[in-house]
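The values are calculated or read from the model by the stated rules, or taken from the named source; none is laboratory data. Computed from a predicted model, the values in this text were never measured in an experiment. Note: ideal-geometry Cβ built from the backbone for every residue, glycine included; neighbour counts use all protein chains shown.
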Amino acid sequence: MITGRQVRAARALLNWTQEMLAEKALVALTALKRLESERGLPTHESTRDQVRRALEAAGILFVESDRGRGIMLLHEAKPATASGRRSANLKR
């Protein structure tokens, strides 16, 4: 189970706002704020799952061991742009 602290750290690595993550995870902003709350407010497991999936799709790896929990950025997902496709075609 992911923690609010992990979600906040993941957002920081990705330079995402709460609004951006809520949109990408298809969850209500208030639900995300509850998940990230320091007070440990209850959230639906489906909210946690959708947030986890959105962050993992962006390259976040959630880590848990006997020494603690954390996150790691595996890669930065870069969206394809029209100019990026054109320059790739020019190199051929």
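Points to keep in mind about this one:
Okay, residues lined up against (1) of a type in the set (Lys, Arg); (2) within 16 Å of Leu21 (Cβ to Cβ); (3) at pLDDT below 95:
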{"site": "Glu45", "(1), (2), (3)": "no, no, no"}
{"site": "Asp49", "(1), (2), (3)": "no, yes, no"}
{"site": "Lys78", "(1), (2), (3)": "yes, no, yes"}
{"site": "Arg85", "(1), (2), (3)": "yes, no, yes"}
{"site": "Asn89", "(1), (2), (3)": "no, no, yes"}
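- Of the criteria (1) in a helix (DSSP H, G or I); (2) at pLDDT below 95; (3) of a type outside the set (Ser, Thr, Tyr), which one Ala54 fails: (2)
- One residue alone among Ala22, Ala10, Ala54 is buried (at least 16 other Cβ atoms within 10 Å of the Cβ) and touching a residue at least 60 places away in the same chain (Cβ under 8 Å), and that residue is Ala10.
- Total residues in region 8-33 satisfying the condition of being assigned to a helix (DSSP H, G or I) and of a type in the set (Ser, Thr, Tyr): the figure is 1.
- Given (1) in a loop (DSSP other than H, G, I, E, B); (2) free of Cβ contacts under 8 Å to residues at least 24 places away in the same chain, number of the condition Gly40 does not satisfy: (2)
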